[in-house]
Amino acid sequence: MIFSQGKCGLSGSTTCYLVAMATADLLVVILDLILRQIPIAYELSFVRHIPVCNIHAVLLYAVTDCTVWFTVTFTFDRFVLICCQKLRSKYCTKRMAAFVMGTVAVLCSLKDTTWYFMLTNWYWLNNNPWFCYMNVLIMASGVWGAIEIFHSIFTPGIPFVLILHLNILTVRHILTSSRARRRLRAVSNGDNHKDQEMDSRHKSIVLLFAISGNFIILWLVLMMYSMWQRLSNFGYDSVYIPTFILEIGFMLQLLSCCTNTCIYAMTQRNFRRQLKHTFSIPIVGIAHHIIC
């Protein structure tokens, strides 16, 4: 809501990306936490009799993929803005951002329709995570196993590589241009005063590495467990991994779906100012009503 008002001093494309990322994160909270995790905690057994689990799975996996790939597309937008001077005027626009994210959302939705056929349509809870389960014949099928491995590679395997690679290229460009700027300032006037532009670039480097590290670390546990579980179905089970590792992986993955947008948002001074203003309005109104 704050970003959509356009008062944070950000470009149209940046605002569009951050609004889309926040929306996808919110949908993950609704579809996974509210519709999947809360029934476990409160033992709402009537939910298991509703035959929509596979539809829920398609929606959940689609929005989860969107949160990841929106981060990738936003990272590429930052790379073009900083490193590609000739391309940024054409690519870094609000219209292009809307087109890119719309394309990503459609592709993720099409990819995740396969879960509709891989999972049962009934919810299931038997000392396991509340969700639909996969048919035994499908679990033993090489075709469906390949499809599931493809899902793991598509999200988060490829995003791992893309985000890390793009951020490394961006940081290298920032460091190169910073050294050139430092030499130019030294030659021109020998000024040793604090350079605000250099400080801004250093903050950008910290932000980029924070995004990369946060994403990779929080997704790594679930990705490794999923790959091991699929390989164990084909007889490669030489290493035993406890089930609680899967629960930790789910927890960290859900955390990742919220933290990237928060990191981008809370590093913006204007966003923090608008956030304080938004929360202060009802408080001031209530206080004024009480006093009057």
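Observations
- Electrostatic bookkeeping for Ile2 treats Lys and Arg as +1 and Asp and Glu as -1; over the other residues with beta carbon under 15 Å from its beta carbon, the sum is +4.
- Estimated FRET transfer efficiency when R0 is 22 angstrom, pair Ser226-Leu107 (beta carbons, to 0.05): 0.60
- Phi-based couplings in Hz for region 145-154 (Karplus 6.51, -1.76, 1.60; Gly and Pro marked x): x, 5, 5, 5, 5, 4, 4, 5, 6, 5
- Segment Cys262..Ala210, full-extension length gain: 17.6 nm, with 0.36 nm per residue of separation and the alpha-carbon distance subtracted.
- Estimated FRET transfer efficiency (Ser152, Trp122; beta-carbon r; R0 35 Å; 0.05): 0.90
- Take the Cβ atoms of Arg88 and His49, set R0 to 41 Å, and the FRET efficiency comes out at 0.15.
- Three-way shape label, region 1-117, alpha-carbon gyration tensor, a/c 1.5: prolate
- Label-point separation, Asn135 to Leu35 (7 Å along Cα→Cβ), nm: 2.3
- Taken over region 67-148, the alpha-carbon convex hull comes to 138 cubic angstrom per residue.
- Amide H contacts of Val52 (H built 1.01 Å from N, in plane; Pro and chain starts excluded): Tyr123 sit under 5 Å, all sequence-distant by 5 or more or on other chains.
- For the pair Leu175 and Met96 in one chain, pulling the backbone fully straight at 0.36 nm per residue adds 25.6 nm over the alpha carbon distance.
Any read-out appearing in this document is the output of simple, stated calculations on the displayed coordinates, not a laboratory observation. Everything numeric in this text was worked out from a predicted model, so none of it was measured. Neighbour counts are summed over all protein chains in view; Cβ atoms, including those assigned to glycine, are modelled from backbone coordinates with ideal geometry.
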